[in-house]
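Below is one structure; the comments refer to it alone.
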Amino acid sequence: MKLTAVGKLLLFLVGLGLVVLAFVRFVPAEDLAKLLDRLRGRTSGAAPSAAETPTPSSDRPATITHRLSLSGSNTIGKDLAPALVEGFLRKLGASSIERRAGKPDEMTIEAVLPDGAAAIEIRAHGSSTAFEALSSGGAEIGMASRRIKTDEARTLASLGNMLSPACEHILGLDGVAVIVDPGNSVDALSIDQIRDLFTGRITDWSTVGGTAGPVATFARDDRSGTYDTFKSLVLADRPLAASAERYEDSERLAADVTARRGSIGFVGLAYVAGAKALKVHEGGSVPYRPTVFTVRTEDYLLSRRLYLYSASNPRNPWVSRFLEFALSHDGQSIVDTIGFVGQSLVDAVTERGEPSAAGRAGSAPPAYLDA
């Protein structure tokens, strides 16, 4: 049977329809939309659609080319270490710097550099974790608010002599501030009174000249260098009261002391915030409140050093570069800004003929006791 011209046309249209239907069915809608956009653009002479225009890629390289890890002291790691890392990255010409929060008291600071991308990890869970991380390879720089102990140094002997200037770097000075809530009428305490309050021998503020009321003690946890220093300088061989509330984070401890009437705690100088820092004395000595000045001049009794520890010959060149920055004038200015005592302030003491405490371990004044 011969098809007429009309029949042939109808058959062609049916076949074309089946092809189009199959195309529409099996081609993703997104690709079909792009095709229609192109056809419309070419027909009308319009510019390519936004979907067709390539999107500029981020200036952050996909691959991290520089890595560094710090672990340890919450006193250093909470605010000071991030500020030092950002200052270090800016010194290297970073075009963008971003903090990425991780688990509590952990963060990664990422940056775009002229020669690639950097990621620096900071974990601030207490000074004891600095030496654990160095031992396991989980960190390249350990942060500590106390000096390394003999057994810890022995464990890390493969990294070098941890008590030598090649491994032990004094970042600055700090004072362990004894704090109470702002409404507490007590202004000064002796070392003996502080010991009795924290060990539970004194349980009411009226015993030390304050308004009658129960004493609530807040303390850093056992992994904290701040606690080790406090135990060494104040508690001696006496145990902390069983009722004491323990904290991993200095900032949270200070906030809770500030908010709770009758409470007492201890934190690094930079974390006093809204709490009231007490004057401290021993025997008949003059009581001094912890300030940058009294820590610098060694008048405040509960003074200490802040340390960074590393291998004597680190494989990662960024370890030495970061340490060099942290101990430089720029790095020490950041130490001062955060609220600790850096080289720039200690220099004023050195000019009086006294030894400088910042920089290398061998130059630290003996009056700054180690836990």
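The values are calculated or read from the model by the stated rules, or taken from the named source; none is laboratory data. Remember, predicted model here, so these are calculated numbers, not experimental data. Virtual Cβ from ideal backbone geometry, glycine too; neighbours counted across all protein chains shown.
So the values come out like this:
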quantity: Residue check for Leu159: within 26 Å of Pro82 (Cα to Cα) and in contact (Cβ under 8 Å) with a residue 40 or more places away in the chain; calculated: yes
quantity: Residues located in segment 162-185, provided they are surrounded by fewer than 20 Cβ atoms within 10 Å (Cβ to Cβ) and either within 22 Å of the chain's Cα centre (by Cα) or under 25 Å from Ala216 (Cα atoms) (or both); calculated: Asp181, Pro182, Gly183, Ser185
quantity: Segments classed as helices (runs of 4 or more DSSP H), wholly inside segment 101-219, with at least 2 members that are not assigned by TED's automatic domain parsing to the domain that holds Pro287; calculated: 127-136, 150-155
quantity: In segment 283-321, the residues that are over 23 Å from Val341 (Cα atoms) and acidic (Asp, Glu); calculated: none
quantity: Qualifying residue in segment 312-321 (condition: surrounded by 19 or more Cβ atoms within 10 Å (Cβ to Cβ), outside any strand (DSSP E or B), of a type in the set (Val, Ile, Thr) and at pLDDT 95 or above); calculated: yes
quantity: From Leu189, Leu235, Leu278, residue being closer than 23 Å to Asn74 by Cβ and crowded, with 19+ Cβ neighbours inside 10 Å; calculated: Leu278
quantity: Some residue of segment 245-262 being polar (S, T, N, Q), surrounded by fewer than 20 Cβ atoms within 10 Å (Cβ to Cβ) and closer than 30 Å to Tyr309 by Cα; calculated: no
quantity: Filter pass, Met143 being over 26 Å from Phe266 (Cβ atoms) and either under 25 Å from the mean Cα position of the chain (by Cα) or charged (D, E, K, R) (or both); calculated: no
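For every residue, the table says whether it meets (1) aromatic (Phe, Trp, Tyr); (2) without any contact (Cβ under 8 Å) to a residue 24 or more places away in the chain; (3) over 17 Å from Val257 (Cα atoms).
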residue: Ser190; (1), (2), (3): no, no, yes
residue: Asp204; (1), (2), (3): no, yes, no
residue: Ala216; (1), (2), (3): no, no, no
residue: Gly225; (1), (2), (3): no, no, yes
